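Participant: The structure follows.
The values are calculated or read from the model by the stated rules, or taken from the named source; none is laboratory data. If you're wondering where the values come from, they're calculated on a predicted model, not measured in any experiment. Cβ sites come from the backbone with ideal geometry, for glycine too, and all protein chains shown count toward neighbours. Surface areas here come from the heavy atoms of the whole protein model, side chains and all, with no ligands, DNA or RNA. Shrake-Rupley method; radii C 1.70, N 1.55, O 1.52, S 1.80 Å.
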Amino acid sequence: MKIKLVTFAPHPNFGTCLQGYALNKKLRDMGHEVEFIYNCREVPPLTLKTLFISGVKKIAKLILPKAKIKKLKERKQHQKRNSSPYILSLPNHPILYILSKLPIYNHLQKTIKCSNLQWRKVYKFTFEDNNFCMKRIYTHKQYNEVTDDADLFITGSDQIWNPYCGGYNPIMFLEFAGNTKRVAYSSSISQPEIPIEIKERMKNALSKFTHIAVREQRSVELLNQLLNRNDVKLVVDPTYLLSATEWEEFGEKAVLEFPLPEKYIFCYFVGDKRKDVYEEMVQQVKLYTGINEVITLECYNREYAYGNGRLYKDAGPYEWVYLLRHASYICMDSFHATVFALKFQKEFVHVMKNEKNEIGSQNTRMHDILNRYSIAYKNYNDVTDTRWQQIIDYKKVNPIINAEIEDSMKFLKYEIENN
């Protein structure tokens with residue numbers, strides 16, 4: 001069967017990267033022909049106003065003190081968190097499409113994109129290691145061509161339906177797919193409520209899906225209510241579907257630029273708005289474990305090394321898995337880091353990425369996963385709360401996870417065979 005897979009394209013946010021890899025691999029292992037469709041997370045169109053603001057920002061960076069720039073960024077983040085979600089448009093860039101046909105275009109794209117070692121590793125993983133068959137969409141005509149060539153569309157996992165995660169993107173709701181059959185596997189809203197501004201549009205798009213499987217229980221409830229149906233299914237993230245052995249073999253492709261300490265605390269924080277809490281947590285873990293070596297893997301080119309340890313900014317997907325697998329203890333705010341910690345049966349402590357009641361908060365997905373396995377005590381609150389030090393009883397957790405994986409695989413097969 002010709003399947004077109006739609007989800008976020010690989011990126012140094014390694015949860016995003018590896019959920020797409022896992023679902024793509026699982027579908028290929030099932031014998032399907034899979035093409036990964038993406039449009040590079042379209043951004044709002046440039047206007048004279050945005051161009052002017054961009055110019056002012058560049059000048060401000062040159063003349064303003066760093067402390068002032070930091071305050072301005074914090075103010076902007078606060079405004080963004082309290083604003084309505086942005087609605088994107090399907091891209092239509094015919095000139096870029098024509099240029100993409102030129103032999104030199106891909107070389108230039110790689111040169112521009114791979115400005116550092118981390119991006120070179122992501123590029124290699126995405127385009128050179130035969131992990132995907134990638135197709136970038138530039139024009140409306142291409143959407144029609146892709147639709148004509150598809151037996152089935154599958155929207156994959158991650159927060160593709162979260163309107164505060166890059167905006168409401170029509171490609172993630174398959175608004176272009178005409179009458180071609182479509183299903184969703186482990187797609188995530190990751191919000192306690194659906195914003196009123198996009199409810200009707202989301203309803204119209206998702207009502208065309210034959211089957212919908214999502215990643216959080218709250219998403220099940222929201223979509224059953226929105227679509228007036230009772231068959232929206234809860235399934236696990238695609239990264240669960242590959243065995244620990246498969247992920248271990250994957251991680252063995254890592255190329256590290258430094259020798260690993262015998263014992264180390266591994267830190268992976270996608271956010272940084274609660275940086276002080278993260279640092280406090282890491283220091284508490286150092287005291288609790290007696291481990292002084294800390295490795296912080298950075299995915300957004302930030303400069304902060306937690307716990308006075310090593311800041312590693314050159315990791316690709318293979319290195320991320322390898323470092324997590326070999327860690328003595330793990331600190332994170334990441335959903336997928338939690339999944340992999342569970343997969344490798346590691347001890348860890350998690351901290352929520354967003355403040356309570358923050359608009360656009362992504363905490364729902366984390367409360368969901370921790371509560372499902374009765375390990376909510378692994379969430380860090382403050383120095384007075386040491387419940388996170390409780391050891392995970394994997395003899396109790398593993399059977400729950402294994403049953404979920406079996407049930408999710410059955411449903412994925414059912415989605416494909418009964419679309």
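Participant: For segment 275-325, what are the residues that are assigned to a helix (DSSP H, G or I), among the acidic types (Asp, Glu) and more than 18 Å from the chain's Cα centre (by Cα)?
Facilitator: Narrowing segment 275-325 to residues assigned to a helix (DSSP H, G or I): 275-289, 306-308, 317-325.
Add one more test, that the residue is among the acidic types (Asp, Glu), and what stays is 276, 279-280, 319.
Once the filter is applied, which keeps residues that are assigned to a helix (DSSP H, G or I), among the acidic types (Asp, Glu) and more than 18 Å from the chain's Cα centre (by Cα), segment 275-325 yields ASP276, GLU279, GLU280.
Participant: From the list ASP237, ASP272, ASP276, exactly one residue is surrounded by 22 or more Cβ atoms within 10 Å (Cβ to Cβ) and not hydrophobic (A, V, I, L, M, F, W, C). Which is it? Let's see the steps before the verdict.
Facilitator: Numbers: ASP272 fails: surrounded by 22 or more Cβ atoms within 10 Å (Cβ to Cβ); ASP276 fails: surrounded by 22 or more Cβ atoms within 10 Å (Cβ to Cβ).
Result of the check over ASP237, ASP272, ASP276: ASP237.
Participant: It is to be established whether one or more residues within segment 81-103 are part of a helix (DSSP H, G or I), at pLDDT below 85 and closer than 30 Å to ASN144 by Cβ. Show your work before the answer.
Facilitator: If we filter segment 81-103 for residues that are part of a helix (DSSP H, G or I), which is where we start, we get 81, 94-100, 103.
Applying the additional criterion that residues be at pLDDT below 85 yields 81, 103.
From the residues that got through so far, the ones that are closer than 30 Å to ASN144 by Cβ too are 103.
Yes, there is a match, as at least one residue in segment 81-103 is part of a helix (DSSP H, G or I), at pLDDT below 85 and closer than 30 Å to ASN144 by Cβ.
Participant: Among TYR312, TYR306, TYR318, which is at pLDDT 95 or above, of a type outside the set (Val, Ile, Thr) and touching a Cys at 6+ places or on another chain (Cβ under 7 Å)?
Facilitator: Values: TYR312 fails: touching a Cys at 6+ places or on another chain (Cβ under 7 Å); TYR318 fails: touching a Cys at 6+ places or on another chain (Cβ under 7 Å).
Only one candidate passes the filter, namely TYR306.
Participant: Provide a single number: the residues in segment 386-399 that are within 29 Å of VAL277 (Cβ to Cβ) and surrounded by 12 or more Cβ atoms within 10 Å (Cβ to Cβ).
Facilitator: First, the residues of segment 386-399 that are within 29 Å of VAL277 (Cβ to Cβ): 386-394, 396-397.
From what is left, the residues that are surrounded by 12 or more Cβ atoms within 10 Å (Cβ to Cβ) are 386-389, 392, 394, 397.
The total comes to 7.
Participant: A follow-up question, please. Anything in segment 199-219 that is crowded, with 21+ Cβ neighbours inside 10 Å, outside any loop (DSSP other than H, G, I, E, B) and within 20 Å of the chain's Cα centre (by Cα)? List them, or say none.
Facilitator: The answer is ILE212, ALA213, VAL214, SER219.
Participant: Restricting to segment 120-142, what's the tally of residues that are farther than 11 Å from TYR318 by Cβ, within 19 Å of the chain's Cα centre (by Cα) and not in a helix (DSSP H, G or I)?
Facilitator: Residues in segment 120-142 being farther than 11 Å from TYR318 by Cβ, within 19 Å of the chain's Cα centre (by Cα) and not in a helix (DSSP H, G or I): 3 in total.
Participant: Being in a loop (DSSP other than H, G, I, E, B), modelled with pLDDT of 95 or more and among the β-branched types (Val, Ile, Thr), is that true of even one residue in segment 249-265? Even if it seems obvious, please write down each step before you answer.
Facilitator: Of all residues in segment 249-265, those in a loop (DSSP other than H, G, I, E, B) come to 252-264.
Next cut, modelled with pLDDT of 95 or more only: 252-264.
Narrowing further to those that are among the β-branched types (Val, Ile, Thr): 255.
Yes, some residue in segment 249-265 is in a loop (DSSP other than H, G, I, E, B), modelled with pLDDT of 95 or more and among the β-branched types (Val, Ile, Thr).
Participant: Working only within segment 224-246, note down all residues that are part of a helix (DSSP H, G or I) and not β-branched (Val, Ile, Thr).
Facilitator: Step one: list which residues in segment 224-246 are part of a helix (DSSP H, G or I), which gives 224-227, 238-241, 244-246.
Residues satisfying the conditions are ASN224, GLN225, LEU226, LEU227, PRO238, TYR240, LEU241, ALA244, GLU246.
Participant: Which of the residues spanning segment 109-119 are in contact (Cβ under 8 Å) with a residue 60 or more places away in the chain and either surrounded by 16 or more Cβ atoms within 10 Å (Cβ to Cβ) or not in a loop (DSSP other than H, G, I, E, B) (or both)? Show your work before the answer.
Facilitator: First pass over segment 109-119, keeping only residues in contact (Cβ under 8 Å) with a residue 60 or more places away in the chain: 116-119.
Passing the criteria: LEU117, GLN118, TRP119.
Participant: Quick one: which residue in TYR300, TYR278, TYR329 is touching a residue at least 60 places away in the same chain (Cβ under 8 Å) and farther than 20 Å from ASP385 by Cβ? Full working, then the answer.
Facilitator: Working: TYR278 fails: farther than 20 Å from ASP385 by Cβ; TYR329 fails: farther than 20 Å from ASP385 by Cβ.
Just one listed residue meets the conditions, TYR300.
Participant: Any residue at all in segment 191-198 that is over 30 Å from GLY316 (Cβ atoms) and not in a loop (DSSP other than H, G, I, E, B)?
Facilitator: Scanning segment 191-198, I find no residue that is over 30 Å from GLY316 (Cβ atoms) and not in a loop (DSSP other than H, G, I, E, B), so the answer is no.
Participant: Taking SER361 as the residue in question, decide whether it is under 24 Å from ILE330 (Cβ atoms), modelled with pLDDT under 95 and out of contact with any strand residue (DSSP E or B) (no Cβ under 8 Å at 6 or more places or on another chain).
Facilitator: Numbers: under 24 Å from ILE330 (Cβ atoms): yes; modelled with pLDDT under 95: yes; out of contact with any strand residue (DSSP E or B) (no Cβ under 8 Å at 6 or more places or on another chain): yes.
Yes, satisfied.
Participant: Right, next: Based on this model, can you work out whether TYR380 counts as on the phi < 0 side of the Ramachandran plot, out of contact with any Leu (no Cβ under 9 Å at 6 or more places or on another chain) and open to solvent by less than 10 Å² (accessible area, probe 1.4 Å)?
Facilitator: Values: on the phi < 0 side of the Ramachandran plot: yes; out of contact with any Leu (no Cβ under 9 Å at 6 or more places or on another chain): yes; open to solvent by less than 10 Å² (accessible area, probe 1.4 Å): yes.
Judged against the criteria, TYR380 is a match.
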